[in-house]
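**Student:** Supplied in structure tokens, the structure appears directly below.
The values are calculated or read from the model by the stated rules, or taken from the named source; none is laboratory data. Nothing here was measured: the structure is a model prediction, and the numbers come from that model. No Cβ is skipped: glycine too gets one built from the backbone with ideal geometry, and neighbour counts run over all protein chains shown. These area figures cover heavy atoms from the full protein model, side chains too; ligands, DNA and RNA do not enter into them. Shrake-Rupley method; radii C 1.70, N 1.55, O 1.52, S 1.80 Å.
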Amino acid sequence: MKIEKMIFATGNEGKMREVRMILGDLGAEILSLKEAGIQAEAEENGTTFEENAVIKAKEIMEKTGALVLADDSGLEVDALNGEPGIYSARYMGHETSYHIKNKNLIERLEGKTGEERSARFVCAIAACFPDGRVLTTRGTMEGQIGYEEKGENGFGYDPIFYLPEYQCYSGELPLEEKNKLSHRGKALRLMKEQLEAL
Ligand SMILES: O=c1[nH]c(=O)c2ncn([C@@H]3O[C@H](COP(=O)(O)OP(=O)(O)OP(=O)(O)O)[C@@H](O)[C@H]3O)c2[nH]1
Ligand SMILES: [Mg+2]
């Protein structure tokens with residue numbers, strides 16, 4: 001089935017840039033919420049990334065009757081029992097800057113070194129079809145919380161997410177490189193395969 005058009009239900013411009021680059025070769029028109037002129041109202045009250053991704057996609061699918069995809073993602077820090085996890089966007093309040101959130105996470109890991117600083121980004125992608133079908137995929141990217149903020153690329157927690165294998169911070173990666181390694185890149189490529197197989 002050739003997909004002509006979809007809505008990607010996010011208000012996060014950083015995500016949207018990555019989504020466009022990764023799903024570009026599907027050849028479908030991809031509208032953000034803003035471009036579709038829709039406001040999301042559903043509460044992200046699920047208990048998992050997948051549940052929240054489905055909540056966001058389903059709400060907009062029901063409003064529009066279109067194929068709608070959504071992303072729910074976050075940062076899990078092992079030494080903090082997986083915090084901030086599904087609450088990553090809301091951590092310390094929605095209005096708090098990432099500079100402050102990032103500084104706070106670094107402070108909370110004071111005294112920890114190497115593997116004790118392990119963390120991962122998680123991304124769940126949901127696709128909700130007007131006929132009720134739902135697909136979900138998940139991708140992760142393993143790393144560590146660094147000791148400082150580095151890099152101007154990406155968004156959110158990228159400046160403190162250190163990738164030991166590549167000896168750099170996620171915030172230092174050009175977008176194409178981040179997309180090759182990232183939680184979102186992996187989850188979106190799995191979704192793309194499933195959509196292409198329909
Ligand atoms: O540095 C980062 N690089 C990433 O690649 C990344 N992916 C997720 N996150 C964090 O997790 C929250 C998602 O929360 P979230 O899924 O509710 O999204 P959101 O509220 O920003 O937008 P929406 O899609 O819900 O409209 C984001 O805001 C960020 O704090 C990331 N941080
Ligand atoms: Mg959100």
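**Student:** Please calculate how many Å² of accessible area the chain carries per residue, with a 1.4 Å probe and no DNA, RNA or ligand atoms counted.
**Tutor:** It amounts to 49 Å² per residue over the chain.
**Student:** Right, here's the next one. Taking only C-alpha pairs under 8 Å that are 6+ residues apart, what is the relative contact order of the range 1-158 in percent?
**Tutor:** On the way: 252 pairs, mean separation 35.7, N = 158.
This gives 23 percent for the range 1-158.
**Student:** Here's something else I'd like to know. Loop-only check: which GluC sites (Glu not before Pro) in the range 77-158 are DSSP coil with at most 11 other Cβ within 10 angstrom?
**Tutor:** Working: sites: 95, 107, 110, 115, 116, 142, 148, 149, 152; in loops: 95, 110, 148, 149, 152.
Here the GluC sites (Glu not before Pro) that fit, given the DSSP loop and packing criteria, are 95, 110, 148, 152.
**Student:** Oh, and also: Using modelled backbone amide H atoms (1.01 Å from N, in-plane), which distant-in-sequence or interchain residues come within less than 5 Å of residue 67's amide H?
**Tutor:** 7
**Student:** For the range 127-176, which trypsin sites (Lys or Arg not before Pro) pass both filters: DSSP loop (anything but H, G, I, E, B) and at most 15 other C-beta atoms within 10 Å? All intermediate terms of the calculation are to be shown ahead of the outcome.
**Tutor:** Working: sites: 133, 138, 150; in loops: 133, 150.
Listed in order of number, the matching sites are 133.
**Student:** Additional query: Given the rule -39500 (n - 2.57) for each run of at least 4 DSSP H residues, summed and divided by the residues of the chain, what is its mean residue ellipticity at 222 nm, to the nearest 500 deg cm²/dmol?
**Tutor:** Numbers: 6 runs with 63 residues, N = 198.
Only helices count here, giving -9500 deg cm²/dmol.
**Student:** Moving on. Using the Karplus curve 6.51 cos²θ - 1.76 cosθ + 1.60 with θ = phi - 60°, work out ³J(HN,Hα) for each residue of the range 147-161 in order, rounded to whole Hz, and write x for Gly and Pro.
**Tutor:** Along the range 147-161, the couplings run 9, 7, 8, 9, x, 10, 8, x, 7, x, 8, 3, x, 10, 9 Hz.
**Student:** OK, next. Rounded to the nearest 0.05, what FRET efficiency do residue 147 and residue 190 have when you use their Cβ-Cβ distance and R0 = 35 Å? It would help to have the intermediate numbers written out before the result.
**Tutor:** Working: r = 33 Å, r/R0 = 0.94.
For R0 = 35 Å, the calculated efficiency reads 0.60.
**Student:** Then there's this: Name the most mobile residue of 14, 132, 74, meaning the one with the largest mean-square fluctuation, in a Gaussian network model of the chain with Cα contacts below 10 Å.
**Tutor:** 132
**Student:** Percent of accessible area on the chain owned by carbon and sulfur, 1.4 Å probe?
**Tutor:** Numbers: 4750 of 9760 Å².
Exposed carbon and sulfur together represent 49 percent of the surface.
**Student:** To the nearest Å, what is the center-to-center distance of the range 65-108 and the range 143-179, using C-alpha atoms only?
**Tutor:** Centre-to-centre (Cα) distance: 15 Å.
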